[in-house]
Amino acid sequence: MTSSSGSGSTPNKPTQKETAPAEGTQANSSEPPVITPDLIMLDVGPGDTKEAVIKALASHAAVAGRADDAEGLTSDALTRESKSATGVPGGVAIPHCRTSHVEVPTLTFARLSKPVDFGSADGPADLVFLISAPMGGGKAHLRILSKLARSLVKASFPDSLREASDEKDAAQRILDTLAAKPKKKSASTASASKSAGSAAAGSAAGSTPVGAAGASAQSADSSDNAGGSGQAVTHLVAITACPTGIAHTYMAADSLSQTADARDDVEITVETQGSSGVTPLPSDAIKNADAVIFATDVGVKDRERFAGKPVIESGVKRAIDEPAVMIDEAVAASKDPHARRVKGKASSSSESSQEEGEGLGWGKRIQQALMTGVSYMIPFVAAGGLLMALAFVLSGADIAKVYETVVNHNALWNLPGQHITVDGETYNFSQAPLLIYLGAVSAYVGTLGMNFLVSALSGYIAYALGGRPGIAPGFIGGAVSVAVGAGFIGGLFTGLIAGLIAMWFNTLNPPRWLAGLMPVVIIPLVDSLITGFAMFILLGRPIASLMDALQNGLNSMSGSSAVLLGIILGLMMCFDLGGPINKAAYLFATAGLNVDDPASLKIMAAVMITGMVPPLALALATTLRPKLFNKAEQENGKAAWLLGLSFISEGAIPFAAADPLRVVPATMLGGAVSGAISMAAGVELMAPHGGVFVILAVTHVLMFFVSLVVGVVIAAAGVIALKTWWPVKTRDAAKSPASSAPSAQNKEASAKTTA
């Protein structure tokens, strides 16, 4: 995924030799200006609430012929308003939305006779701008919003609007401001702006909260604040990556790209290291980059490509929440000769992965390493688990107890019978001999894949800390952990030990004759010895005892204790939807999965059921009460059916990101109920992934669906209730509960994306 703000990115963007159209006019001269006198209301009092003001502005736009439906435009603007307040310091508000009810970017302005609260910390607003952008006018929307936000933080512009004599005068003042070109800074000013730019941007941006999934008013404001200097274009490259690579990876990339697109001083190209694969950054883009942004919760692949580049580094969520701030920091780093840089040499055979996370706290670095291990482990779990599930489909659940005997004593030309005896016990199958054999092969391969779980976890934790030299010691340490009975907890320790040792070795500066042997011979040898000895002599037995105690405790769980565990697992699975807490619960279930251990099978069932609840609940809520959701969310709801049934919790992320205070608690409640029912009913699951598509691997199938359906219904009801009875701004709703309800209920919210 790439994006840039260069002239080639948008057909209407002028080159250096062309003359750009005025900001307040459309590129096509046949289109009307963004604001005209008939879109302005002076000294009016439409009501005491922001809902009433927005409704009046939308109606005014419709009367002026710029909107085809006043109620639809009102609904779109209020839906966007519910996500974050749009009041800014100085008595100004900028409600805005993308909508299908306008064909060209439209600005409607009201000077109020009585100020109205729009959520600004410094008090109510008497100047209100409604920005309405067509669905295809995203860049125009951001450009207008950023230009206004930048201008409005200067007292002179709002004061001039308060002094406007009539609608024509006000329209001209606004158009002049939007058309004004940014003043170029002098050399001294530009130098000073390095340190002050971010603070200034933050000051302006802090008045308008960031939206959860894209460039918001804050982003646009701060980005234009930085971009208005007239400085040369700064070329940036970025990497985004999350543990699962399904959702946050791409949301962060889009957030950075959209924010950079709204600026004139930055071009950015983003590489997403996600589950669908990696499209590497072009070598020219890396070579010409002035700075690098790493927004990752896992290790960066091929980090050595960026050796020597100034770097800004954080978790992936910061790129979603604060894209403009990160870009500002990267721009400042590109001009700072003392900025932290990616270490190593691009041609070096030794990876510089040990530098990942440098500059962050040790806690964050360890967290990133652990999540990297989990990320790389998941394909082993998914592949092995689904192969086991396929075996159950082909041959039945008993194949798990006979597959080794069948594979070792039979072949395609020597198929097994339907009565197979293992260790004196006979298992009877009704399937055809060919299906029994194919199921046995699938189960064997799946089991072998699952056997790599701890080694993969350990190996890639070590890789995240120490680079390529840490892989072999990490894998070997994971195998030792399994051998001594330390399980996945031991794998966590061996990964950290191997990675830290490799990291230390990578800091050494050996002579040239020895340097070539370090990553391929010396580090793996010494590191493996130390890690193996540490497990066999010091850590292995205590951790094994801990694992035995944990397993015995799980086996003894019944009644209220099992229900409590189900509740805890449900809360964890539904809290951050694919984040660290969700993955901790999933790792706990998969790492202990054993087809001969009923307790582990119950935990696996509870984790999978509760992980399916959030996307299915949102799918159900959008089906039952579509008017509570915008068009984009309604479309996401349709996709969430399949995602939920497939056990992909990330299907609920777009909803949770846009409305976390109402969506997350409701889904956590539903997940807790599902987990409690599942554990109480003793539902067991022998496959670690697949959702309803591995139903043949489930015992107590009826209770599996009962626990799932009950949790989904409760979560969906909670979301609907909270969206209906608990507006984001409860104080405003209490003032005039009827002011917003009709517009939201009489017409479905139109398709749009938050700014």
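Nothing in this text is a laboratory measurement; each read-out follows from the coordinates by a stated rule. What you see is a predicted model; the values in this text were computed from it and never measured. Please note: Cβ atoms are built from the backbone with ideal geometry, for glycine as well, and neighbour counts cover all protein chains shown.
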Quiz prompt | Karplus-derived 3J(HN,Hα), 6.51/-1.76/1.60, for each residue of the stretch 425-437, Hz, glycine and proline x | solution = 10, 9, 10, 9, 10, 9, 6, 5, x, 4, 5, 4, 5
Quiz item: Ranking V116, V709 by Cβ neighbours within 10 Å, fewest first, what do you get?
Solution: V709, V116
Quiz item: Taking the Cα-to-Cβ direction at D166 and at V701 and moving 7 Å from each Cα, how far apart do the two end points lie in nm?
Solution: 7.9 nm
Quiz item: Between A721 and L661, what length comes free when the chain is fully extended (0.36 nm per residue of separation minus the Cα-Cα distance, one decimal in nm)?
Solution: 20.3 nm
Quiz item: With r defined as the distance between the Cβ atoms of A549 and K401 and R0 fixed at 22 Å, what FRET efficiency is calculated, to the nearest 0.05?
Solution: 0.25
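Could you line up V92, V710 from fewest to most neighbouring Cβ atoms inside 10 Å?
On the way: V92 25, V710 17.
Result, fewest neighbours first: V710, V92.
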Self-check item: At R0 = 51 Å, FRET efficiency that the Cβ-Cβ distance of Y427 and L538 yields, to 0.05
Solution: 0.75
Quiz prompt | Linear extension gain, N408 paired with S560, 0.36 nm per residue minus alpha-carbon span | solution = 50.4 nm
Quiz prompt | Listed peptides 612-622, 539-549, 460-470 by packing density, highest first (mean Cβ within 10 Å) | solution = 460-470, 612-622, 539-549
Exercise. Can you tell me how much longer the chain between S283 and W504 gets when fully stretched, taken as 0.36 nm per residue apart minus their C-alpha distance, in nm with one decimal?
Key: 76.6 nm
Exercise. Could you work out the Kirkwood radius for the stretch 48-135, taking every pair of different alpha carbons, averaging 1/r and inverting it, reported in Å?
Key: 12.6 Å
Quiz item: Most exposed first by the Cβ proxy, i.e. fewest other Cβ within 10 Å, how do H235, H338 rank?
Solution: H338, H235
